[in-house]
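J.: Input: one structure, supplied below.
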Amino acid sequence: MTSTAVNDGKSMKASDLFVAALEAEGVEYIFAVPGEENLDFLESLRTSSIELVLTRHEQGAGFMAATYGRLTGKAGVCMATLGPGATNFATPAAYAHLGGMPLIMITGQKPIKKSKQGQFQIIDVVGLFDPICKMSKQIVHGNTIPSLVREAFRVAEEERPGAVLLELPEDIAEEETNAPILEPHDRHYAVADDRVLEEASQLICAAKMPLVLVGAGANRKQASIALSKFIEQTQIPFFNTQMGKGVIDERSGLFLGTAALSDGDYVHCAVERADLIINVGHDVVEKPPFFMEEGGKQVIHINYKSAQVDQVYFPQIEVVGDIARSITRLGERLGGKVAVEDEYYRMVRGEIEAHTSELSDDPRFPIIPQRFVADTRKVMGDHDIIALDNGVYKIWYARNYKAYEPNTVLLDNALATMGAGLPSAMMAAKLYPERRVMAICGDGGFMMNSQELETAVRQGMNLVVTILNDNSYGMIRWKQADAGFDDWGLEFNNPDFVQYANSYGATGHRVERTEDLVPTFEAAFKAGGVHLVEVPVDYSENKRVLLDELKEKVCLI
């Protein structure tokens with residue numbers, strides 16, 4: 001498209017122009033905790049087509065906007081004031097930056113042409129965010145708004161996606177401008193060179209035990225379709241990273257498992273035996289599921305961008321370009337099924353299936369992780385979405401919970417921050433009201449943004465929020481035990497979660513028998529609205545399964 005002057009050369013307020021530019025980008029929502037420095041922008045937003053979603057903390061706004069980007073591929077937008085409001089965006093910015101989620105943050109600022117209050121609340125927000133954003137800019141004139149907004153969305157959404165910050169000072173927001181809107185246009189990514197595709201196909205044909213690794217960068221609709229066809233055609237076994245779950249249906253007989261741990265798990269037996277890893281959409285931001293060594297296995301890197309090389313990752317061949325088209329063209333060159341000596345892979349798959357299904361019907365109470373994950377899978381359909389906060393339960397879900405479609409398991413294995421699970425689930429519930437959506441949080445992570453329950457209720461969301469309660473920071477206790485330290489310093493007390501939920505207008509439930517978990521979930525989803533389900537959890541299985549059992553594991557290499 002060509003640029004059009006939506007204001008037909010008429011003078012308009014800069015904040016009105018900013019909002020019009022956002023409308024031209026197709027922005028549906030702005031998640032915000034406004035301040036006085038945002039009032040011109042807020043007034044412009046009032047008469048626009050964009051829905052303002054008022055949150056109770058800037059982190060909630062940022063996490064919701066980042067998740068919008070993750071689910072749609074279009075940049076989510078959030079807004080805060082200067083100083084303390086802006087600094088509360090730091091964690092969502094890092095979350096989007098490391099997780100590859102397109103995010104636009106708009107922050108206010110005092111007037112820059114004439115000081116009214118000295119340095120009150122003023123910090124260098126643009127400089128602060130520069131290291132954790134793809135772009136961080138202050139708007140210094142209304143006429144630059146259309147080009148800066150267009151550039152912000154291009155940068156945020158372009159592979160690899162990430163965060164962008166735009167700071168709008170008070171006096172700039174209220175000035176007059178007649179600058180034209182710059183309309184967005186479709187982007188098309190380059191296609192990998194024929195020569196490198198031929199090299200990759202020859203390497204695959206020469207391999208005896210190739211494996212496909214699916215990472216977060218492949219979690220795009222077209223890439224998922226192309227990869228599924230590639231696996232079906234070539235019959236090469238595959239595994240995924242945590243953020244690559246669901247790109248290919250994990251019910252496939254060629255699925256080995258998820259790399260939930262850095263190394264030492266059963267799936268790593270297959271990785272160690274492989275002579276070639278076809279690494280699709282993964283980079284070293286997400287904790288690496290395998291380590292390369294000089295003279296060891298070969299790796300084909302398939303991604304939108306070239307590899308970030310470090311001590312654990314230095315691929316021999318890089319297929320750079322649109323993932324879907326690269327995979328499709330690579331499949332065409334291979335022509336059909338690839339010869340794989342897969343008897344060992346079948347053995348590993350059997351071991352993984354046996355261990356991940358173990359104790360899935362165990363009746364103990366408090367509930368153990370294996371049973372909790374299995375019961376969650378029973379109540380969630382193919383299209384339904386779980387959003388996990390960060391805690392040791394995330395490992396159990398990565399290992400034991402099979403995902404059937406892309407972006408139906410929302411977890412963060414990049415920044416791995418606590419506090420994002422509830423806002424992330426809220427965004428999914430708002431976008432997909434016809435699906436079941438469940439937030440799964442530890443008691444520690446939930447309390448970091450628990451106030452957003454009020455936002456969910458006010459927004460009329462249908463959402464189940466599950467709290468796994470062990471009255472401690474369970475992940476760190478597990479690490480503490482693994483390191484041989486005494487169990488000390490990580491326990492706390494919690495509120496009455498049922499009354500806490502009810503006080504916000506949600507409906508609280510407390511599971512008191514393991515057999516009541518599935519019926520409680522089903523009743524909550526059937527009733528609609530926001531429900532909180534407190535589930536006491538017994539993490540003693542962490543040591544037996546994730547520590548002792550794996551240390552005794554033997555790979556039949």
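Every read-out reported here was derived from the displayed coordinates using simple, explicitly stated rules and does not represent laboratory data. In this text, all values refer to a predicted model and were calculated from it rather than measured experimentally. Every residue, glycine among them, receives a Cβ derived from its backbone with ideal geometry; neighbour counts consider all protein chains shown.
J.: Using a 4.7 Å Cβ cut-off, which Cys residues in the chain lack a partner cysteine?
T.: Taking the Cβ cut-off of 4.7 Å, the unpaired cysteines of the chain are 78, 133, 205, 441.
J.: Where in the chain lies the longest segment free of trypsin sites (Lys or Arg not before Pro) that are both loop residues by DSSP (not H, G, I, E, B) and have at most 14 other Cβ atoms within 10 Å?
T.: The segment 365-512 is the longest one with no such site.
J.: Another question, if that's okay. Take the Cα coordinates of the stretch 358-548, assign each an equal point scatterer, and use the Debye formula without solvent to give log10 I(q)/I(0) at q = 0.11, 0.14, 0.18 Å⁻¹.
T.: -0.44, -0.73, -1.26
J.: So what is the relative contact order of the chain, in percent, for Cα pairs below 8 Å that sit 6 or more residues apart?
T.: Dividing the mean separation by the residue count of the chain yields 13 percent.
J.: While we're on this one: By a straight-distance test (C-alpha under 18 Å), which aspartates and glutamates pair with residue 113 as possible cross-link partners, with residues fewer than eight away in the same chain excluded?
T.: Within the straight-line limit of under 18 Å, residue 113 reaches these aspartates and glutamates: 36, 37, 40, 124, 167, 170, 171, 174, 175, 176.
J.: Kindly put 28, 332 in sequence by how many other C-beta atoms sit within 10 Å of each C-beta, fewest to most.
T.: 332, 28
J.: Report the gain in length on full extension from residue 479 to residue 526: 0.36 nm times residue separation, minus Cα-Cα distance, nm rounded to one decimal.
T.: Result for the pair: 13.1 nm of gain on full extension.
J.: Apply 1/(1 + (r/R0)^6) to the Cβ-Cβ distance of residue 43 and residue 147, taking R0 = 25 Å, and write down the FRET efficiency to the nearest 0.05.
T.: For residue 43 and residue 147, the calculated efficiency is 0.60.
J.: Please compute the net charge surrounding residue 309, taking Lys and Arg as +1 and Asp and Glu as -1 over other residues with Cβ under 11 Å from its Cβ.
T.: Around residue 309, the surrounding residues sum to -3.
J.: Put a dot 7 Å past each Cα toward the Cβ at residue 130 and residue 512; how far apart are the dots in nm?
T.: Result: 5.9 nm between the two label points.
J.: Please give every one of the aspartates and glutamates within straight-line cross-link reach of residue 402, meaning a C-alpha to C-alpha distance under 17 Å, and leave out same-chain neighbours fewer than 8 residues apart.
T.: Straight-line reach from residue 402, under 17 Å: 249, 250, 265, 351, 353, 358, 361, 375, 382, 384, 412.
J.: Residue 140 versus residue 287, label points 7 Å from Cα toward the beta carbon: distance in nm?
T.: Inter-label distance under the simple model: 4.4 nm.
J.: Still on this model: Given the chain, what percent of its DSSP beta bridges are antiparallel, to the nearest 5?
T.: That works out to approximately 5 percent antiparallel.
J.: Follow-up. Arrange the following residues from fewest to most other Cβ atoms within 10 Å of their Cβ: 328, 107.
T.: If I rank by nearby Cβ atoms, fewest first, I get 328, 107.
J.: Next question, about the same structure. Please report the antiparallel percentage of the DSSP beta bridges confined to the stretch 258-380, to the nearest 5.
T.: Bridges in the stretch 258-380 are about 10 percent antiparallel.
J.: For residue 552 and residue 72, FRET efficiency with R0 = 51 Å and r from the beta-carbon atoms, rounded to 0.05?
T.: Efficiency at R0 = 51 Å is approximately 0.70.
J.: Here is a further query. Given 5 Å bins starting at zero, what is the percent of C-alpha pairs of the stretch 194-344 in each, up to the one with the largest pair distance?
T.: Spelled out per bin, shortest first, that is 2, 10, 22, 26, 24, 13, 3, 0.
J.: Something else about it: Using the 10 angstrom Cβ neighbour count as an exposure proxy, how do 283, 487, 130 rank, fewest first?
T.: Going from least to most buried by this count: 487, 130, 283.
J.: As a test of the definition: which semi-axes, in Å, follow for the stretch 12-177 when you take the square root of five times each eigenvalue of its alpha carbon gyration tensor? Largest first, please.
T.: 22, 17, 15
J.: What is the distance in Å between the Cα centres of the stretch 500-557 and the stretch 86-121?
T.: When both Cα centres are located, 36 Å separates them.
J.: With a cut-off of at most 12 other beta carbons within 10 Å, and DSSP calling the residue loop, which chymotrypsin sites (Phe, Trp or Tyr not before Pro) in the stretch 115-183 qualify? Please list them.
T.: 120
J.: Ok, one more. So if I take the centroid of the Cα atoms in the stretch 202-235 and the same for the stretch 325-341, what is the distance between those two points in Å?
T.: 8 Å
J.: Nearest 0.05, what FRET efficiency do residue 251 and residue 114 give at R0 = 56 Å with Cβ-Cβ as r?
T.: About 0.30, to the nearest 0.05.
J.: With label points built 7 Å along Cα→Cβ from the Cα atoms of residue 235 and residue 364, find their separation and express it in nm.
T.: Going by the 7 Å Cα→Cβ label model, 4.2 nm.
J.: If a paramagnetic tag sat 7 Å from the Cα of residue 311 along the Cα-Cβ line, which residues of the stretch 252-270 would have the backbone N under 20 Å from that point?
T.: It comes to 262-264, nothing else.
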